[in-house]
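Reviewing the structure listed below.
The values are calculated or read from the model by the stated rules, or taken from the named source; none is laboratory data. As the structure is a computational prediction, the values presented were derived from the model and not from experiment. Note that we place each Cβ from the backbone using ideal geometry, even for glycine, and neighbour counts take in every protein chain shown. Ligands, DNA and RNA are excluded from the accessible area calculation, which covers all protein heavy atoms including side chains. Shrake-Rupley method; radii C 1.70, N 1.55, O 1.52, S 1.80 Å.
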Amino acid sequence: MGDMTNSAVDFYPKNQRSDSNHAGEFGCSLNELRSLMELRGPEGVQKIQDTYGDMNGFCRRLKTSPTEGLAGNPVDLENRKQTFGQNFIPPKKPKTFLQLIWEALQDVTLIILELAAIISLGLSFYQPPGERSEMCGSAAGGVEDEGESDAGWIEGAAILLSVICVVFVTAFNDWSKEKQFRGLQSRIEQEQKFSVVRGGQVNQISVSEIVTGDIAQIKYGDLLPADGVLIQGNDLKIDESSLTGESDHVRKSADKDPMLLSGTHVMEGSGKMVVTAVGVNSQTGIIFTLLGAGTEEEEKKDKKGKLQDGNMENSQNKAKKQDGAAAMEMQPLKSAEGGDGEEKEKRKGGSAKKEKSVLQGKLTKLAVQIGKAGLVMSAITVIILVLYFAIDTFVIQKLQWLPECTPVYIQFFVKFFIIGVTVLVVAVPEGLPLAVTISLAYSVKKMMKDNNLVRHLDACETMGNATAICSDKTGTLTTNRMTVVQAYICDAHYKEVPEPDALPAKSLDILVNAISLNSAYTSKILPPEKDVGLPRQVGNKTECGLLGFVLDLKRDYQAVRDLTPEEKLYKVYTFNSERKSMSTVIRMQDGSFRMYSKGASEIVLKKCSNVLNSAGEPRMFRPRDRDEMVKKVIEPMACDGLRTICIAYRDFPGSPEPDWDNENNILLDLTCIGVVGIEDPVRPEVPDAIKKCQQAGITVRMVTGDNINTARAIAIKCGIINPGEDFICLEGKDFNRRIRNEKGEVEQERIDKIWPKLRVLARSSPTDKHTLVKGIIDSLCGERRQVVAVTGDGTNDGPALKKADVGFAMGIAGTDVAKEASDIILTDDNFSSIVKAVMWGRNVYDSISKFLQFQLTVNIVAVIVAFTGACITQDSPLKAVQMLWVNLIMDTFASLALATEPPTEALLLRKPYGRNKPLISRTMMKNILGHGIYQLTIIFTLLFAGETIFNIDSGRNAPLHAPPSEHYTIIFNTFVLMQLFNEINARKIHGEKNVFDGIFRNPIFCTIVFGTFAVQIVIIQLGGKPFSCVPLKVDQWLWCVVLGVGELLWGQVISSVPTNRLKFLKEAGHGTQKDDIPEEELNEDAEEIDHAERELRRGQILWFRGLNRIQTQIRVVKAFRSSLYEGLEKPESKSSIHNFMTHPEFRIDDSQPHIPLIDDTDIEEDAALKLNSSPPSSPNKNNNAIDSGINLTTDTSKSATSSSPGSPLHSLETSL
């Protein structure tokens, strides 16, 4: 080692000198390294030995030092980037604006409109010989009025213009959406940091900064950012399934298999590697290149060295421009989840059906139904118009079809056709998908500020439906700042940290060594950043707490570590969830070995056969002593909410050397040095956040690896359980015993008996967490499927995070593996951010509902007006161009205005919508119909009596190219103003009275409303022929505004009519019903079923069946609920008594488990239990915080609407 560091010093200056010549400078070329990384295992070791001698030789060739790393001077780093490439894979080029325009033009309705407009344009330039026009029937009369026929082309041109407008707006929306995704992507990537050694110091650098030759420190939970060769490793195991498909973890060691590949996950252990290939040259990069992601990069490689320099700069800037500063940085499986850009395009194309979330499924279904209705209406309109014209001209006027009249007739038919298409355009709510996207994109952007980094769009909206959250304890509910506050050392229990003199010197030395050496060397305590702050804890927080204990004992852990550097550690058994302990073996001076161990106190104490007494000498430690220690030391500590950690050691002779791989024989006969109690205080904002969750109908469960007493103490502090409630807290072992049958298989019925009351699962393994989440999601015992959110930070939380409806990974403490499996990353690791996510999710849902309520009112009115107008007056009162303008306000602007409402705390006061909750509630239906009636009444009054009221010429029955009339202008203006004021009404969907509440908190909304109003004035006063408008006088304008404001007053009338009186109202836009899904589909793994796809496939058939059933249920439930709410502040308390009465099975006597024990790993422990004097009824004592007489449950998983079989509500429902 020594000579190596010297040589490092030698070659750095040389390195700067010889900057001129390129590849010759390093002792190995890019291709050599690439081919080296393609070798596996022993071949790789052989190749390194043959070519470079050994690892030191290899490092020398790469001009780096295994201990000091690179010097880190910018010239050298830049040079390495030039020679070996950068650690970033160029993203796919985003679609250009022109491509997006082209895509927007593919819309069928728009194409039909364009064709009609072109035909109309062409015909308007054809002039039939004038004197014969009388022969073509009276309907064609007046064509020549005041030379107006010159302006015949205007309508066609205006339609084309409007279409262009719509297309541009759509394209622009898509483009900005795409841009946001790229921004999000790069934000996710910038979050990713990695530890490398530079100039002898460990630095955290962004993954894109890693260069070939860097010495990277790898540890449990990392996602490897580049290819490398292992220099030194402790117990390292890698999951290479992402590259090789091999599911077993691969053991890596410097002498047997040192090849580490980018994109693979570290599942256990730690180590150091020298980076050999980055970016497109790494194994993942090569795969990406084959997939075509990095083609541009490859082309650049072919250009000459001169150009290469500039090009690299270019590609860097280009990436920055695309907001992907670190685009796609080695996120190996990103492509599987779709680089978010493509994912979006697919979502638009509908090809990625997988992407569809619950909400989108409901919307697609609704849009399809509305579209069909619109198509039927428009077809009928066209047919009626054509028939009316034909009968009028050829039957009543008895005219012949003359060849010279053909163009005139065709013009009529085209006009009818355009009217039909316009009806269709207005009927089809193309703003729906837009509203969803805008709402989600807006929420995602704002959620960033609330410390939620959303990786998958749907997660945001699913979160609004969440009914259960399974949270970790450490770091999420607590601050993750560990401090040792109690200790039991040398037969004495210290309630605070003891003075160093109080302990025997020998014991103190052993303790200090045990803590300093048996912890990751990356865990350190650094001085505070500000003079007044607390010292900074870097690395594993539990270890930092122990190191802090060493400092409190006035000793220096760094000095101990310097005597035994990491390379000299003989063998390390790293911490993992099976062992729940960590051990380090060192070689003593006399050649013998000593192993230090630390870990969960119950587990390590079981393996101790000696303990240090008050003089610091080992004495016998029998099971009886252990039980006493558990009772007198560990349980009291745990009940104070402390984590207890036992520290122990064992000596081995130097020869014969023990078989280190036989772990069970090594981790035995330990000598206990002491037990420490570590405090991790609850975050101050957590109890409040949990209370909000419980009000919002979300059950919070704590799943932790800690001791059950600690977990319960913390759960009470957080408010997850309150004294006097009938909830259960289980240990992982009991949980498994209760849910598995004799064969050891998990049974859903058994889980269903436990999960509704389970609040704390302690000493749980990641598989327990996964089992619990899966059990809750698959459970059918509630009336609706539970939507579960899970938090996780460890590598082994991956399965649970993937299984959950929404997986939250910790941004600070989380491992890369957890982040990769998650949907949302909590950048501040804080539970209260989850509550914010719930608010945003519910807000998305409400925004969509607001938009729907507005959109459907306009649709119904516009379609009916166009339809009846066409049938009665052979002409739609709203012209094609006007319809397109209305469509633009309705669809695009309204979706912007209503989809960007900020969330309010009030959203947390209601229960979650189920997955099957209809999008359009009965209150909304009432609003839609109510406003529709008002608008239709006004418009038809104006249409048929407007000329007399305003004393103007009638606009009905005007000839083909007649000039626009004041009459129809007033109708158009009133229509638009009513929509504008109704947009304000649409802000509230739960029947609130005050529609202006918080309107100024949404500047976008105000801007759009005022902007639309201004444009409307311009259109009316200056729109002229293209918009078929005539300038109006002030008094006419005032009347139009008054009729518009009438909407607001009428809104108040509607909201005062109680919804439950209107029995005829229907809901619309349901999700899929559980009973509608065939058995075999339910049996498949849920991940393969895609809800939206199935809804589309089967929805139509089962639509009515489901609809009727839900209506009955909801009607009953609503009636029941409203009576509950009136009588009670809290709906839970009443319902909980039903739950309690109707679930006698929960009162099974907890004390005797009747199920045979499955994990009989610990026969001695059971024996100990029998020796133990206390009767085994302890679970019951623990589990019910206090066994009170009345169990007032706030079991929110079954809220007031819950109708469990047997409850009075259920019998009522069945009778209905």
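Among the residues of the range 781-802, the one identified as touching a His at 6+ places or on another chain (Cβ under 8 Å) and surrounded by fewer than 22 Cβ atoms within 10 Å (Cβ to Cβ) is Pro799. Scanning the range 905-924 for residues that are under 26 Å from the mean Cα position of the chain (by Cα), open to solvent by 10 Å² or more (accessible area, probe 1.4 Å), of a type in the set (Val, Ile, Thr) and over 21 Å from Leu943 (Cβ atoms) turns up nothing. Among the residues here, Gln217 qualifies as within 17 Å of Thr276 (Cα to Cα) and either open to solvent by 30 Å² or more (accessible area, probe 1.4 Å) or not aliphatic (A, V, I, L, M) (or both).
Listed by first and then second residue, the pairs linking a residue in the range 599-623 that is touching a residue at least 40 places away in the same chain (Cβ under 8 Å) and outside any strand (DSSP E or B) to a residue that is surrounded by 19 or more Cβ atoms within 10 Å (Cβ to Cβ) and among the aliphatic types (A, V, I, L, M), with Cβ atoms under 6 Å apart and 6 or more places separating them unless they lie on different chains, are Ser601/Ile634; Ser601/Val675; Val604/Ala648; Lys607/Leu667; Lys607/Leu670; Phe621/Val611.
In this entry, Cys460 is excluded by the filter for residues that are part of a strand (DSSP E or B) and closer than 30 Å to Ser847 by Cα. The residue of the range 755-774 that is farthest from Arg712 (Cα to Cα), among those that are under 21 Å from the mean Cα position of the chain (by Cα) and surrounded by 23 or more Cβ atoms within 10 Å (Cβ to Cβ), is Val773. Taken as a whole, the range 438-445 holds at least one residue that is surrounded by fewer than 22 Cβ atoms within 10 Å (Cβ to Cβ) and within 16 Å of the chain's Cα centre (by Cα). Restricting the first member to the range 837-859 and to residues that are farther than 26 Å from Leu884 by Cβ, and the second to residues that are part of a helix (DSSP H, G or I) and basic (Lys, Arg), the beta-carbon pairs closer than 8 Å and six or more apart or on different chains are Trp840/Lys446. In the range 721-752, the qualifying residues are those that are surrounded by fewer than 17 Cβ atoms within 10 Å (Cβ to Cβ) and within 21 Å of Gly697 (Cα to Cα), and the one that is farthest from the chain's Cα centre (by Cα) is Gly724. Residues in the range 510-519 that are touching a strand residue (DSSP E or B) at 6+ places or on another chain (Cβ under 6 Å) and part of a loop (DSSP other than H, G, I, E, B): Asn518 only. Selection within the range 73-108: residues that are open to solvent by less than 20 Å² (accessible area, probe 1.4 Å) and within 30 Å of Glu178 (Cβ to Cβ). The member of this set that is modelled with the lowest pLDDT is Pro91.
Listed here are the residues, each with its yes/no results for (1) more than 19 Å from Val1009 (Cα to Cα); (2) among the hydrophobic types (A, V, I, L, M, F, W, C).
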{"position": "Leu936", "(1), (2)": "yes, yes"}
{"position": "Ile939", "(1), (2)": "yes, yes"}
{"position": "Thr948", "(1), (2)": "yes, no"}
{"position": "Ser954", "(1), (2)": "yes, no"}
{"position": "Tyr968", "(1), (2)": "yes, no"}
{"position": "Val976", "(1), (2)": "no, yes"}
{"position": "Asp997", "(1), (2)": "no, no"}
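Of the residues that make up the range 564-585, is at least one of a type in the set (S, T, N, Q), in a loop (DSSP other than H, G, I, E, B) and more than 25 Å from Gly269 (Cα to Cα)? No: zero hits.
Residue-by-condition table, conditions (1) over 26 Å from Tyr573 (Cα atoms); (2) basic (Lys, Arg); (3) open to solvent by 70 Å² or more (accessible area, probe 1.4 Å):
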{"residue": "Arg650", "(1), (2), (3)": "no, yes, no"}
{"residue": "Asn662", "(1), (2), (3)": "no, no, no"}
{"residue": "Cys672", "(1), (2), (3)": "no, no, no"}
{"residue": "Val686", "(1), (2), (3)": "yes, no, no"}
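Only a single criterion out of (1) over 24 Å from the mean Cα position of the chain (by Cα); (2) touching a residue at least 24 places away in the same chain (Cβ under 8 Å); (3) surrounded by fewer than 22 Cβ atoms within 10 Å (Cβ to Cβ) is not satisfied by Asp778, namely (1).
The rows are residues; the columns are (1) closer than 25 Å to Pro618 by Cβ; (2) in contact (Cβ under 8 Å) with a residue 40 or more places away in the chain; (3) open to solvent by 20 Å² or more (accessible area, probe 1.4 Å); (4) not small (Gly, Ala, Ser).
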position	(1), (2), (3), (4)
Ser507	yes, yes, no, no
Val512	yes, yes, no, yes
Ile515	yes, yes, no, yes
Ala520	no, yes, yes, no
Lys524	no, no, yes, yes
Gln537	no, yes, yes, yes
Lys541	no, yes, yes, yes
Cys544	no, yes, no, yes
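For the residues Glu189, Glu246, the requirement of being over 22 Å from Thr522 (Cα atoms), in a loop (DSSP other than H, G, I, E, B) and not hydrophobic (A, V, I, L, M, F, W, C) singles out Glu246.
Once the range 546-563 is narrowed to residues that are farther than 30 Å from Glu68 by Cβ and part of a loop (DSSP other than H, G, I, E, B), the residue that is least open to solvent (accessible area, probe 1.4 Å) is Leu553.
Here is a yes/no grid of residues against (1) touching a residue at least 40 places away in the same chain (Cβ under 8 Å); (2) of a type outside the set (Asp, Glu):
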| residue | (1), (2) |
| --- | --- |
| Val861 | yes, yes |
| Gln874 | yes, yes |
| Leu884 | yes, yes |
| Pro902 | yes, yes |
| Glu905 | yes, no |
| Gly914 | yes, yes |
| Met924 | yes, yes |
| Thr937 | no, yes |
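If we keep just the residues of the range 24-43 that are touching a Leu at 6+ places or on another chain (Cβ under 8 Å) and surrounded by fewer than 19 Cβ atoms within 10 Å (Cβ to Cβ), which is modelled with the lowest pLDDT? Checked the range 24-43; the qualifying residue modelled with the lowest pLDDT is Gly27. Looking only at residues of the range 812-833 that are open to solvent by 20 Å² or more (accessible area, probe 1.4 Å) and of a type in the set (Gly, Ala, Ser), we find that the one that is nearest to the chain's Cα centre (by Cα) is Ser832. Pairs meeting the criteria (first residue in the range 48-64 and at negative phi, second residue part of a loop (DSSP other than H, G, I, E, B) and at pLDDT below 85, beta carbons under 6 Å, at least 6 apart or on different chains) are Cys59/Pro66; Arg61/Gly27; Arg61/Cys28.
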